[in-house]
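The values are calculated or read from the model by the stated rules, or taken from the named source; none is laboratory data. Treat the numbers as computed from the prediction; the structure is a model and nothing was measured. For neighbour counting, all protein chains shown are included, and Cβ atoms are generated from backbone atoms with ideal geometry for every residue, glycine included.
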Amino acid sequence: MLVGGTEDSVWGERGESQKEIMDYSDLVLWISLLYSCIHVLLILARKESGKGKLPPGPVPLPIIGNLFKLGDKPNESLAELAKTYGPLMTLRLGCITTVVVSSANMAKEILQKNDKAFAGRTVLDAVRALDYNKASMVWQQPNSCWRQLRTMSNTQIFTTQRLDSNKELRWKKVQQLIDHIGKNCKTGQAVDIGRAAFACTLNLLSNTTFSVDLVDQNSESAQDFKALIWDIMEEVGKPNFSDYFPVLRLMDLQGIRRNTTAHFKKLYVLFDGLIEERLLSRASSNSTRMNDFLNTLLDYKQNSDDNFDIKALLLDILAAGSETSSNTLEFAMAELLRNPHTMAKAKSELLQTITLEQQVEESDIARLPYLQAVVKETLRLHPPVPLMIPHKAESDVEICGFTIPKNTQVLVNAWAIGRDADIWPNPNAFIPDRFLDSQVDFRGQDFELIPFGSGRRICPGLPLAYRMVHLMLASILHSFSWKLPDGMTPEDMDMQHKFGVTLQRAVPLRAIPIQD
């Protein structure tokens, strides 16, 4: 955001003249920029005229195209437009041709049948801050370095063997969450569900990565860290003139890249300290080798010719992992509190499977089909990344009689697919029972439910998210009953969301735990 100030000076004749010159210079600059944009649009139009038929879409306005169609919640706006123009829809966002996918069938065409052709990334200007995009697994183009990093993360941190070996750590962090909630239970105070879940997930990830806790569950540090991560997600998710008109990128008119740079620097200072401490430890002959992801990254960097920034990968893991998992838990609890009969059914299943004296274990998840259905239904209605990370066509691709030209941005609207009335009866209602007799899963093969994506760009952290979300949700439901604070009823709950790269509740969920 650009913040302007006031100037308390009195302009004389010389000042007035200077002001007129400045105004004229500004006018010339904007006319030049406008001309450049028109020129780029005309070039693009000429290039595309011979490339076949694009999917249908709303008629773009001169220069700005369909930008005004996005609104402050693009996932909802694009879902409405798809009802008119179809599940494969073209929009002109400034100078950028964008194809929006809004159905399971079209998602399968893009993410499975033509996976390689759409494996590229449209890099948003916000993530160019500190060259983050060049080392991030999320934003990097599908090159050899990206493939090696994906392989390393899949074999060193998210394998079944590694996850099984860390299950005691996850159990310990969930017990800390239960202890925190228990303190509020004794005093009758409401718990900020999202904040508590965020601290639990962040400390799990930081222990897996650095072997340390980053925040204290009982202090403001968790809230501060959560706010910082959301600020990043919000900035990256904002409509940005620098993305729609690349000629404006150097100017950063909205200050989005500057803001993101400031947020990144705060995290990078933390990472620098942890990395330096580890390097000193590795150099010492008396130190014990830490078996965590940071050591794996340092080994890889030491033995590889690839010049990449470890801090970008650490940001991928901590920011994306903690934000998405905690938001999913918060949405799940909100839906259960809003549907008391559903919460009662979930608690009943837990009591029939695990006695009150027992703690929930990861091995119990397989015996809790209704709990699994609750998580699936939450991910259907509230996908962690509603528009997914934008894909880019690596070549011209024919899809259902339409041509998607090379370099076209492709947005997959997971939020719209999850609420498609042609697939889901009563699509806006929270009905976990719909999954009880269904084989539909969210691991990337059933395209009516793809909250983590699919294909070679599927979220590598899905196996960990699966274990963590189920374990946290089962544990807090099994250990406590819950009620809304201040006499609030389920009908009073605000279920609106805020849009960023990730989806977050507009109003943080607070609920009072009651000891069972």
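Being touching a Lys or Arg at 6+ places or on another chain (Cβ under 6 Å), at pLDDT 95 or above, crowded, with 19+ Cβ neighbours inside 10 Å and farther than 19 Å from L111 by Cα is a description that does not apply to L509. Applying the condition of being crowded, with 17+ Cβ neighbours inside 10 Å and of a type in the set (S, T, Y) to the stretch 434-479 and asking which residue is nearest to K173 (Cα to Cα) yields S475. Within the stretch 105-142, restricting attention to residues that are under 12 Å from K392 (Cα atoms) and free of Cβ contacts under 8 Å to residues at least 24 places away in the same chain, the residue that is surrounded by the fewest Cβ atoms within 10 Å (Cβ to Cβ) is Q141.
Looking at E335, E357, E349, just one residue is modelled with pLDDT under 95 and either within 30 Å of D492 (Cβ to Cβ) or of a type in the set (D, E, K, R) (or both), and that residue is E357.
Just name the residue that is nearest to V215 (Cα to Cα) out of those in the stretch 293-313 that are within 24 Å of the chain's Cα centre (by Cα) and not in a helix (DSSP H, G or I).
Looking at the filtered set, the residue picked out is D309.
For the stretch 271-294, the set of residues classified as crowded, with 18+ Cβ neighbours inside 10 Å and at pLDDT 90 or above consists of F271, L274, I275, R278, L294, listed by residue number.
All of (1) surrounded by fewer than 23 Cβ atoms within 10 Å (Cβ to Cβ); (2) in contact (Cβ under 8 Å) with a residue 60 or more places away in the chain; (3) under 22 Å from R278 (Cα atoms) hold for A190 with one exception: (3). Within the stretch 340-376, restricting attention to residues that are without any contact (Cβ under 8 Å) to a residue 12 or more places away in the chain and of a type in the set (S, T, Y), the residue that is farthest from Q496 (Cα to Cα) is T355. Taking the numbered list (1) in contact (Cβ under 8 Å) with a residue 24 or more places away in the chain; (2) more than 30 Å from S481 (Cβ to Cβ) in turn, L337 passes all entries but (2).
Just for the stretch 111-137: of the residues that are part of a loop (DSSP other than H, G, I, E, B) and at pLDDT 95 or above, which one is nearest to E235 (Cα to Cα)?
Initially, the stretch 111-137 is screened for residues part of a loop (DSSP other than H, G, I, E, B), giving 114-115, 119, 122-124, 135-137.
Next cut, at pLDDT 95 or above only: 114-115, 119, 122-124.
On the way: N114: 30, D115: 28, A119: 24, T122: 16, V123: 14, L124: 10 Å.
Across the stretch 111-137, the extreme among qualifying residues is L124.
Residues checked against (1) closer than 30 Å to R289 by Cβ; (2) surrounded by fewer than 16 Cβ atoms within 10 Å (Cβ to Cβ); (3) not aliphatic (A, V, I, L, M):
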| residue | (1), (2), (3) |
| --- | --- |
| R195 | no, no, yes |
| T201 | yes, no, yes |
| Q223 | no, no, yes |
| I232 | no, no, no |
| L253 | no, yes, no |
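Given the criteria touching a residue at least 12 places away in the same chain (Cβ under 8 Å) and within 20 Å of D309 (Cα to Cα), does R282 qualify? Yes.
Working carefully through the options I399, I404, I431, find the one that is at pLDDT 95 or above, surrounded by fewer than 23 Cβ atoms within 10 Å (Cβ to Cβ), hydrophobic (A, V, I, L, M, F, W, C) and over 18 Å from V375 (Cα atoms).
Going through I399, I404, I431 in turn, the sole match is I399.
Results for (1) under 23 Å from the mean Cα position of the chain (by Cα); (2) closer than 25 Å to V123 by Cα; (3) surrounded by fewer than 16 Cβ atoms within 10 Å (Cβ to Cβ); (4) modelled with pLDDT of 50 or more, shown as yes or no for each residue.
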site: M1; (1), (2), (3), (4): yes, yes, yes, no
site: E16; (1), (2), (3), (4): no, no, yes, no
site: Y24; (1), (2), (3), (4): no, no, yes, no
site: L44; (1), (2), (3), (4): no, yes, no, yes
site: V59; (1), (2), (3), (4): no, no, yes, yes
site: G71; (1), (2), (3), (4): yes, yes, yes, yes
site: E76; (1), (2), (3), (4): yes, yes, no, yes
site: K83; (1), (2), (3), (4): no, no, yes, yes
site: S103; (1), (2), (3), (4): yes, yes, no, yes
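With respect to the conditions (1) under 21 Å from T122 (Cα atoms); (2) of a type outside the set (A, V, I, L, M, F, W, C); (3) at pLDDT 95 or above, P460 falls short on a single one, namely (3).
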